[in-house]
Amino acid sequence: MILYNTLTGDKQEFVPYEGNRVRMYTCGPTVYHYAHIGNLRTYIMEDVLEKYLRYAGYDVTRVMNITDVGHLSSDADTGEDKMLSGAKREHKSVMDIARFYTDAFFSDCEKLNIKTPDIVDPATNCIQEFITMVQTLIDKGYAYLSGGNVYFDTSKLDNYYVFGNMREDELQVGVREDVTEDTSKRNKTDFVLWFTKSKFDDQELKWESPWGLGYPGWHIECSSISIKHLGEHLDIHCGGIDNAFPHHTNEIAQSEAYLGHKWCGYWFHVLHLLDRRGKMSKSKGGFLTVSLLEEKGYDPLAYRLFCLQSHYRKPLTFSFENLDNAQQTYEKLRRRVALLSEDGDPDMASAQPYLDRFKEALDNDLNTSMGVTALYDVLKAPLTDATKRAVVAAFDSVLSLDLLRPVEEDAPSVDVDRIEALIAERTRARADRDWATADRIRDELMAMGVVIKDSKDGVSWELR
Ligand code: AMP
Ligand code: ZN
């Protein structure tokens with residue numbers, strides 16, 4: 001498989017560190033609010049990557065954290081604590097909102113057919129591991145105490161800006177300008193590993209540490225949780241593009257300083273979902289959630305299809321008009337699949353060119369929109385219904401659009417026998433030069449949503 005790697009800035013053959021095993025890590029949600037459909041774009045595309053790697057025969061283990069402490073409103077360690085401001089907003093405790101929004105996140109994921117990673121670990125469950133890692137960084141001379149906090153000293157590294165191919169403005173997407181610089185830092189790019197001297201006197205969650213009562217910085221979470229569960233060599237680290245800097249840059253700095261060797265081979269970043277105001281974001285408010293789409297009558301999987309129809313490395317602009325199109329396409333696709341007869345055995349040898357086309361698409365830097373096109377090719381192909389069903393099921397193990405789920409009662413039902421009887425009647429009418437009857441039947445079929453095409457090989461039909 002060829003994957004774009006943000007670390008090198010080009011597409012590369014994906015080769016795991018150890019044979020067939022793939023160790024994959026995903027930055028989990030910060031659970032101070034509902035996930036918006038932008039966040040979920042990232043999780044959908046990561047889910048497809050994981051499922052495709054499994055489809056391609058890899059043995060994947062995927063780990064995700066839950067950020068329930070330490071993430072400040074600027075990714076550069078300044079501003080308000082996101083969890084604390086969420087708790088204040090709702091007059092609840094931090095742990096209450098963490099629990100509530102973690103459950104809400106997984107419920108959204110379920111609706112979007114996003115598989116739960118093999119291991120999910122909340123940051124508040126790993127405090128001892130963070131303390132051990134911070135202590136090792138101090139012992140190795142990579143971290144220092146200043147103003148009560150522990151900082152990572154970025155001047156100790158030969159190359160801090162690892163994603164060197166990215167432009168400065170791209171690197172800055174996660175950093176807000178409107179926050180004051182922390183004067184305890186030795187270098188502008190240094191970052192907090194452990195806070196003790198918090199400006200938040202009412203900080204609810206604090207733990208004892210060798211440096212005093214405090215709480216971890218956000219970046220240390222992901223390095224530490226990844227190493228805890230996946231060991232010293234990570235194959236793929238995923239996240240939205242806003243996490244590339246400073247979050248992932250800092251993760252690489254501290255993980256490699258801690259381990260003493262290269263840590264992660266491939267960095268997979270999903271570009272943003274945009275709305276009229278630019279990047280959809282929780283802090284700006286006014287964002288869209290899966291529940292809101294459902295209230296408006298959309299199937300969450302139509303949103304999944306909307307995401308799959310574009311490449312993960314291109315920004316994607318959301319509009320209801322675009323979602324309407326995706327919803328129509330989705331319904332039509334499911335109705336077409338529902339028409340396939342369940343009788344007979346599949347002939348997979350005849351399906352090989354279509355399976356190859358799908359693999360070729362996904363092998364090419366996860367080209368999901370070409371993968372969806374390959375699905376259409378199968379439905380149009382001269383294959384038996386049983387074979388088409390088997391191929392659709394195979395593709396759907398990656399695309400996860402529930403294509404074989406029976407079409408609901410309230411959806412317009414398609415009576416294939418009736419359609420074919422009408423087409424035969426129309427063919428007879430045309431042979432008898434009874435154009436009025438032929439036209440009447442065509443109109444009747446049109447009203448049923450059936451479009452017929454006459455060609456020299458006969459009559460074919462499809463649903464509108
Ligand atoms: P957060 O809950 O803010 O920690 O973000 C969860 C994930 O969503 C991270 O991987 C972010 O990079 C990603 N993300 C945030 N905003 C967007 C967006 N508008 N489009 C796509 N991904 C996003
Ligand atoms: Zn992370």
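The table below gives the values:
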{"read-out": "Value of [θ]222 nm, deg cm²/dmol, for the chain, DSSP H segments ≥ 4, -39500 (n - 2.57) each, nearest 500", "value": "-13000 deg cm²/dmol"}
{"read-out": "Sequence-distant residues sharing a close amide H with L273 (under 5 Å, placed H)", "value": "M280, L316"}
{"read-out": "Over 25 Å between alpha carbons, listed pairs K140/K197; K111/K282; K115/K228; K156/K262; K11/K282", "value": "K11/K282"}
{"read-out": "Difference of contour (0.36 nm per residue) and Cα-Cα distance, A393 to T8", "value": "135.1 nm"}
{"read-out": "The stretch 234-293: trypsin sites (Lys or Arg not before Pro) in DSSP coil with no more than 11 other Cβ atoms inside 10 Å", "value": "R276, R277"}
{"read-out": "For the chain, convex hull volume per residue from C-alpha positions, Å³", "value": "159"}
{"read-out": "Alpha carbon centroid spacing (whole Å) that separates the stretch 365-384 from the stretch 247-267", "value": "38"}
{"read-out": "Mean Cβ count within 10 Å, highest first, over the residues of peptides 309-319, 423-433", "value": "309-319, 423-433"}
{"read-out": "Net charge contributed by nearby residues that have their C-beta within less than 10 Å of G260 (K/R +1, D/E -1)", "value": "0"}
{"read-out": "Dipole magnitude of the chain about its Cα centre (Cβ charges: Lys, Arg +1; Asp, Glu -1), debye to nearest 20", "value": "640"}
{"read-out": "Cα-centre dipole for the stretch 415-464 with unit charges at Cβ (Lys and Arg positive, Asp and Glu negative), debye to 20", "value": "180"}
{"read-out": "FRET efficiency, S93 to N322 (Cβ-Cβ, R0 51 Å, nearest 0.05)", "value": "0.80"}
{"read-out": "Whole-angstrom gap from the stretch 97-123 to the stretch 27-45, using each part's C-alpha centre", "value": "9"}
{"read-out": "Those lysines that a straight Cα-Cα span of less than 23 Å connects to K453, excepting residues fewer than 8 apart in one chain", "value": "K332, K380, K388"}
{"read-out": "Sequence ranges 289-299, 151-161, ranked by mean other-Cβ count within 10 angstrom, highest first", "value": "151-161, 289-299"}
{"read-out": "Residues of type lysines that K284 reaches as a straight line, Cα spacing below 16 Å, ignoring anything fewer than 8 places off in the same chain", "value": "K82"}
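Here, each number is a calculation from the coordinates, and none is a lab measurement. Quick caveat, the model's predicted, so the values are computed rather than measured. FYI the Cβ positions are ideal-geometry reconstructions off the backbone, even for glycines, and counts take in every protein chain you see.
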